[in-house]
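A short worksheet on the structure shown next.
Taken together, the values in this text are just the output of simple stated rules run on the coordinates, not laboratory data. Every value quoted in this text rests on a predicted model; they were computed, and no experiment measured them. All Cβ positions, even for glycine, are placed from backbone atoms using ideal geometry, and neighbour counts span all protein chains on display.
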Amino acid sequence: MDFKLTEEHIMIRDAARDFAKQELLPGVIERDEKQEFPKELIKKMGELGFLGMMASPEYGGGGMDTISYVLAMEELSKIDASASVMVSVNNSLVCWGLDTFGSEEQKKKYLSKLTTGEKLGAFCLSEPEAGSDATSQRTTAIDKGDHYILNGTKNWITNGSSADYYLVIAQTDKEKKHKGINAFIVEKDFEGFEIGPKEQKLGIRGSDTHSLNFNDVKVPKENRIGEDGFGFKFAMKTLSGGRIGIAAQALGIAAGAYELAKDYSKQRKAFGTEICNHQAIAFKLADMHTQIEAARHLVMKAAWDKDQGENYDLSGAMAKLHASKTAMDVTVEAVQVHGGNGYVKEYHVERLMRDAKITQIYEGTSEIQKIVISRSILKD
Ligand code: CAA
């Protein structure tokens, strides 16, 4: 067993770390306040290769392994989880989904623009009444021969307004339940496609989240991904990998907050000494560090499973479950270590604490991860 990173992995991690410090850190508080993310910054992430890391080089992707991807996700998330969720959705859900299951034409037309940052993608599964219960899709896609007609509403869509291409899951044949579900590529300017109001969120406020409306949207048949009825499996398979990316995001949020708390504890003095010299603080740091290391091992194992061609449904769900709890626990403690300063924006930990919560909700709540885990361990 070799726990060592390769030179290439270290290079990618360091590049992401430098980018996060130089480009994401300035303005992160303002972006959070204003709930905005400049287009130029998304473009820059694309130019540097962060938006199509694992995708095939023939379609503009980086051809990297999942380990490289999670290392980058951790570094970006230490500084700006709003940026990293855009990276995560575009890489894990949109690019990976198209690269793995898309047709040659779809890859040429759409994937090659999504990997470079020329275009941004969104993944549209959740609905007002189908969040965790993903088989209960109400959005319909009626087969009209050479095209489908889409009607319905999607909710809580990351990159809702900043995306150009949307992977949309919809019900074609209700009788067939999940086997009657399809996935489609919808372009932003398709007639009848409408972006709803922006959600006012607790965390990851820099990233835009919207509801989307589909009013008789005509989608060409060649924009369906895979065979008729493949949509639910497409969503499940794509989300399995997405969960590794979000686990890495949670890990990064936790690690970012821990590093800030550790540094602060070495500078701040109380009762005649730096506060790290008080066991009350030192023991907190010990717990935080241990929890983060455990999360890192789970994230790396899930990424390794994926790279080795092993099944990663279980390891990905465990990584997400544990890393997202770690993000919550560690960020709360990081605020505590900072005392009053932890409660104000300029020290960053209050934002990380707000950002942490979503990692227990999106791409499957913690309860959904427990369903996946328990089904997997009980099946034999
Ligand atoms: N890979 C391949 N196939 C899978 C699969 C997987 N990981 N998981 C399930 N399936 C298949 C099953 O094999 C089954 O197929 P067959 O009938 O052919 O055997 C089919 O899918 C239905 O499976 P289940 O009976 O297990 O389905 P279920 O209704 O019990 O639901 C669930 C399973 C795990 C709870 C699923 O509904 C789920 O993951 N829900 C959460 C959805 C989710 O993560 N939403 C997040 C939205 S996206 C997002 O947040 C993105 C963003 O913007 C950041």
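Given 37 °C and 0.692 mPa s, compute D for the stretch 67-225 with the Stokes-Einstein relation, Rh being the Kirkwood radius over Cα pairs; round to the nearest whole µm²/s. Rounded, D is 205 µm²/s.
Given their separation in residues at 0.36 nm each and the Cα-Cα distance between them, GLU227 and GLU259 gain 6.8 nm when the chain is fully extended. Label zone of LYS188 (point 7 Å out along Cα→Cβ, amide N under 16 Å): in the stretch 86-130 this covers 86-87, 90, 110-111, 113-124. Going from the fewest other Cβ atoms within 10 Å to the most, the residues MET353, MET236 appear in the order MET236, MET353. Net charge in the neighbourhood of GLY364 (other residues with Cβ under 12 Å of its Cβ; Lys, Arg +1, Asp, Glu -1) is -1. In terms of other Cβ atoms within 10 Å, ASP189, ASP164 run from fewest to most in the order ASP189, ASP164. Whole-Hz Karplus values for the stretch 53-62 come out as 4, 9, 6, 4, x, 5, 10, x, x, x Hz, taken residue by residue from phi with 6.51 cos²θ - 1.76 cosθ + 1.60 and θ = phi - 60°; glycine and proline positions read x. Working ranking of peptides 5-15, 111-121, 287-297 by packing, defined as the average number of other Cβ atoms within 10 Å per residue, highest first, is 111-121, 287-297, 5-15.
Give the angle, between 0 and 90 degrees and rounded to the nearest 10, that separates the Cα long axis of helix 313-338 from the longest principal axis of the Cα atoms of the chain. With both axes taken from Cα atoms, the answer is about 40 degrees. Backbone phi angles across the stretch 196-211, fed through the Karplus curve with coefficients 6.51, -1.76 and 1.60 (θ = phi - 60°), yield HN-Hα couplings of x, x, 6, 6, 8, 10, 5, x, 5, 6, x, 7, 8, 10, 9, 8 Hz in residue order; Gly and Pro are listed as x.
Normalised size of the chain, defined as Cα radius of gyration per 2.2 N^0.38 Å with N residues, equals 0.99. Is the stretch 41-112 best put as rounded, prolate or oblate by its Cα gyration tensor, with a ≥ b ≥ c the root eigenvalues, rounded for a/c under 1.5, and otherwise prolate when a/b is larger than b/c, oblate when not? Here the stretch 41-112 falls in the prolate category.
For a modelled paramagnetic label at LYS177, 7 Å from Cα along Cα-to-Cβ, the residues of the stretch 228-262 in reach, with backbone nitrogen under 18 Å, are 229-237. Cα axis of helix 279-307 to longest principal axis of the chain: angle in degrees, 0 to 90, nearest 10? Here the helix axis deviates by roughly 30 degrees.
Annotation: the residues HIS178, HIS348, sorted from fewest to most other C-beta atoms within 10 Å of their own C-beta, follow the order HIS178, HIS348. Multiplying the residue separation of PHE3 and ASN311 by 0.36 nm and subtracting their alpha-carbon distance yields 108.9 nm.
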